[in-house]
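Note sheet for the following structure.
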């Protein structure tokens, strides 16, 4: 029974879905299982993480944003044996389900189950599709502030973009896909407070496109975090030259100026104390 309609396409087979659910015995008031009380639910793969037959079938009829109520007979739930002590034998159960989001991960999951040799025989367009899907996963996890998991997805995407191209056109396609992943990795490492890695991936992005403003900005931010002020200024001024009215770049340059002033003042203060100490010692 649909309680609230969704939008877009229905959940595809073998997708990874983020759902809120609560399961009840047919005439029960308290759920025997639920994930409605925690933080945003993780993505779960149909048939692997979600295995209850009725729930899998029900989810395949649902769309993003939809809320539905399903009644599952024992054959589509926990069978004749049930799942003691919570679920008795031959129990009919009721599930209330909300689809928050889903990603069609079938092609990506299939690809990563292959050997490296088999992956090398995949047509480039399919490889690019898989990399794009992994980046989508990373973006979803990033939005949920699961930065470690997002980083792992981005790295998985990057791992398959190192193949040798057969033409200049193929190299351009690979570079375009790789650039997006490198920028995401640089940003994610900044969120993880690991500026050295953020800088490394930002510089790799600049090897592909030396005028990429996002890469220049990320590198500037990373250098500022590491108190490498001259390098930070170089990256940020290059970014500002391309986009002189970019508010984020200009604010970062102001932050850099403030940090550098503070650094110089501390250095002066330290030198004054050192000379004062030497002067008193000579007296």
Inset, instruction - Taking only region 1-41 into account, find how many residues are on the phi < 0 side of the Ramachandran plot, in a strand (DSSP E or B) and exposed (fewer than 13 other Cβ atoms within 10 Å of the Cβ). - result: 5
Inset, instruction - Enumerate the pairs (first residue in region 201-222 and on the phi > 0 side of the Ramachandran plot; second residue anywhere and surrounded by 18 or more Cβ atoms within 10 Å (Cβ to Cβ)) with beta-carbon separation below 9 Å, excluding pairs fewer than 6 apart on the same chain, so at least 6 apart or on different chains. - result: none
Inset, instruction - State yes or no: is residue 220 farther than 25 Å from residue 111 by Cα and either modelled with pLDDT of 95 or more or surrounded by fewer than 19 Cβ atoms within 10 Å (Cβ to Cβ) (or both)? - result: yes
Inset, instruction - Tally the residues that are touching a helix residue (DSSP H, G or I) at 6+ places or on another chain (Cβ under 9 Å) and either over 14 Å from residue 31 (Cα atoms) or not in a loop (DSSP other than H, G, I, E, B) (or both), restricting the search to region 92-105. - result: 9
Inset, instruction - Identify all residues within region 42-67 that are within 23 Å of the chain's Cα centre (by Cα) and not in a loop (DSSP other than H, G, I, E, B); write none if there are none. - result: 44, 45, 46, 50, 63, 64
Legend entry - Scope region 68-77; condition in a helix (DSSP H, G or I) and surrounded by 16 or more Cβ atoms within 10 Å (Cβ to Cβ); matching residues: 74, 76
Inset, instruction - Return yes or no: is residue 231 over 15 Å from residue 158 (Cα atoms) and not in a helix (DSSP H, G or I)? - result: no
Inset, instruction - Identify all residues within region 235-252 that are in contact (Cβ under 8 Å) with a residue 12 or more places away in the chain and in a helix (DSSP H, G or I); write none if there are none. - result: 235, 236, 237, 238, 239, 240, 242, 248, 249, 252
Inset, instruction - Give region 114-124 a look and list any residue that's farther than 20 Å from residue 154 by Cβ and in contact (Cβ under 8 Å) with a residue 24 or more places away in the chain, or say none. - result: 120
Legend entry - Test: residue 97 is surrounded by 12 or more Cβ atoms within 10 Å (Cβ to Cβ), touching a strand residue (DSSP E or B) at 6+ places or on another chain (Cβ under 8 Å), within 28 Å of residue 161 (Cβ to Cβ) and not assigned by TED's automatic domain parsing to the domain that holds residue 147: no
Legend entry - Among the residues listed as 137, 122, 111, the single one being surrounded by 14 or more Cβ atoms within 10 Å (Cβ to Cβ) and not in a helix (DSSP H, G or I): 122
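The values are calculated or read from the model by the stated rules, or taken from the named source; none is laboratory data. Note that the structure is predicted; figures quoted are calculated from it, not measured. We place every Cβ from the backbone using ideal geometry, glycine too, and count neighbours over all the protein chains shown.
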